[in-house]
Amino acid sequence: MHSRRKREIRIQADSFREKCKISRYGIIDLFKECDRLGYKLLRYPLGEAADLGFALLKDDDVIIFINTSIRLSREIFTLAHEIGHVILHINGEKSFIDNNSTIAGSNVDEKEQEANYFAACLLMPSEVVERFIDLELPDFEENGLSGMDIARMMSEFNVSYDVALNRLESLGKIDINQKTRLQTERTEKRVGNLLRSIGGNARLNAAGNEIVIPYEYIDYVIYNYNHNAVPRETLEKVLDYYQLTIEDISDRLVDFPSEDDDLDDLIGGLED
Ligand SMILES: [Zn+2]
């Protein structure tokens, strides 16, 4: 990637981050930021083998889908990557579908590299990583980083162990040997244990299996059902996502008696 393009992407990531609620170092809840910015965010557990996520523009709506069958830290990175596509690439009829090879592959095309760079800059801007090391890791110059330090960064920045390592490497904070040593430490001690040992956010390392579908999708499916565009089973299935049943929304359902019956009732009523 050309250095001028990298700078443009950093500017975009920076201006997105300025709109977000930040804790000491990391974005507190990137999912909520999507809502606030008017993106339609869907989260659903599609299974570990399925795609990680996609972004598309439909009419004027930005729709981002994220698979919640994967670890939360990876889900957050996927979301940051999709936001990158939305801000950098999406137009007219384009959509982006991402899986392991587009997000974590070593030989990905330019747009995937750009979305990954955007995600890294959004979640872990270089000056914030610098500040974290300065304020939180006083022994860094002498001793370098331990697996527990990486776990602390995970918790503060809401990223995975791998994302933290990759970012530290690309910022020149660790070299390939240190990275390999930290990867070995991760394998030996397990990320979940490292997170627990520092009182960090162990949720990051587990799949959330969350189901989040914008509420307006209920209106959409009820409308379609009322106009005979979808069968009752589809309505029930969608309601089930929201833990609702037909009875819960029965007041919004239109029955479809024949028009003649309606008219007879009405005329009958007037004559009386
Ligand atoms: Zn992508």
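Nearest 10 degrees is fine. How inclined is helix 232-241 to the longest principal axis of the chain, computing both from alpha carbons?
40
Given labels modelled 7 Å from the Cα in the Cβ direction, how far is it in nm from Asn143 to Lys111?
4.6
With a ≥ b ≥ c taken as the square roots of the eigenvalues of the C-alpha gyration tensor of segment 3-123, please select rounded if a/c is under 1.5 and otherwise prolate if a/b is larger than b/c or oblate if it is not?
Details: a/c = 1.22, a/b = 1.10, b/c = 1.11.
Rounded, since a/c falls under 1.5.
Could you work out how far helix 72-88 tilts from the main Cα principal axis of the chain, as a 0 to 90 degree angle to the nearest 10?
Result, in degrees: 80.
How high is the relative contact order of segment 160-244, given as a whole-number percent (alpha carbon pairs under 8 Å, six or more residues apart)?
Values: 28 pairs, mean separation 15.6, N = 85.
Relative contact order for segment 160-244 comes out at 18 percent.
Could you work out which residue, out of Asp149, Asp240, Asp51, moves most in a Gaussian network model of the chain, that is, has the largest mean-square fluctuation with Cα springs under 10 Å?
Sorting by GNM fluctuation, first place goes to Asp240.
What do you get for the angle between helix 216-226 and the principal long axis of the chain? Use alpha-carbon atoms, 0 to 90 degrees, nearest ten.
Roughly 30 degrees between the two axes.
Calculate the radius of gyration of the Cα atoms of segment 81-208 to one decimal place, then report Dmax, the largest Cα-Cα distance, as a whole number, both in Å.
When restricted to Cα atoms, segment 81-208 yields Rg and Dmax of 15.7, 52 Å.
For the chain, what is the relative contact order in percent, using Cα pairs closer than 8 Å and at least 6 residues apart in sequence?
Values: 329 pairs, mean separation 54.3, N = 272.
The value is 20 percent.
Using a probe of 1.4 angstrom, how much of the accessible area of the chain is carbon and sulfur, in percent?
Values: 7100 of 15310 Å².
Within the chain, the accessible surface is 46 percent carbon and sulfur.
Gain in length, Ser95 to Arg203, computed as 0.36 nm per residue apart minus the alpha-carbon separation, to one decimal in nm? Write out the running numbers ahead of the final one.
Numbers: separation 108, 0.36 × 108 = 38.88 nm, distance 3.01 nm.
Additional length available on full extension: 35.9 nm.
In Å², and per residue, what accessible area does segment 1-121 have when probed at 1.4 Å with the other protein chains present?
Working: 6060 Å² over 121 residues.
Here the residues of segment 1-121 average 50 Å² of exposed surface.
The values are calculated or read from the model by the stated rules, or taken from the named source; none is laboratory data. These numbers come from a predicted model, not from an experiment. Positions of Cβ are generated from backbone atoms using ideal geometry, with glycine treated the same way; all protein chains shown enter the neighbour counts. Protein only, heavy atoms only, side chains kept; ligands, DNA and RNA dropped before computing areas. Shrake-Rupley method; radii C 1.70, N 1.55, O 1.52, S 1.80 Å.
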